[in-house]
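Remarks on the structure that follows.
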């Protein structure tokens, strides 16, 4: 009978050891999540600090990119994608600690990865608006043809800059194309009902589209402010709209992380509307 007793003791010992390992791993995971949550609060406080809106300290472009990365980190954490959350937070911290090179919010202060992300976001939005304008042409609106030609030239120029790694210049071309596309949709419709060509298989896809639409408007606002399109009281008003829009966006991100995409989409639409008010103050008519 000693053998069975010995086996029982060994098995019990192994089970205890395994439980200890699993408990240790669980503790490590909990601790890692806690550290990520602390870093999120740190980055959030840096983004919300008065210095974050002072172009002599941190460029507006860096602030926008930092907040976007912060949202990405929150989403990744909600999905237990801890490596992705940590990577986004590290990049956000780098943006928060990168001083502005000028008082114009020069987008060149952004890192290459942030510039690439901006390029992708703008390109997707320009393509979406272009599809709407092309649909107008297909339905007999001849005035849409020269607009499409101008959009294609700007996108071609942007692609050439992108190929040589000049993302800042590429983004400026895409921002110009985005503004042209948005303005043109309003001018071309002339009483028509402009229907969206976007089709979404899942609410999560629609949420992502609305999030990118918001981000494109953020980029455009930053570039227009950098060009001096909002000075004095007008700049203050634009910044107020941006802050309100970002508050709504933060609510949307939390709702999406909890699976409430319907609520998140509604919040994102309201957030984009606030940015549109800011763009209108700088002469860009948004629809």
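Any read-out appearing in this document is the output of simple, stated calculations on the displayed coordinates, not a laboratory observation. Computed from a prediction, not measured in an experiment: that's the story for all the values here. As a convention, Cβ positions derive from the backbone with ideal geometry for all residues, glycine included, and neighbour counts pool all protein chains shown.
Distance between the modelled labels on residue 37 and residue 83, one decimal in nanometres: 2.4 nm (7 Å Cα→Cβ projection).
Give me the extension gain from residue 260 to residue 134: residue separation times 0.36 nm, minus the current Cα-Cα distance, reported in nm with one decimal. Can you show the working numbers first?
Values: separation 126, 0.36 × 126 = 45.36 nm, distance 3.34 nm.
My answer for the length gained is 42.0 nm.
On the basis of the beta-carbon distance and an R0 of 22 Å, residue 127 and residue 270 show a calculated FRET efficiency of 0.35. In this rough spin-label picture, where each label sits 7 Å from Cα along the Cβ direction, the residue 234-residue 205 distance is 4.0 nm. Between residue 156 and residue 141, full extension at 0.36 nm per residue minus the direct alpha carbon distance yields a gain of 3.0 nm.
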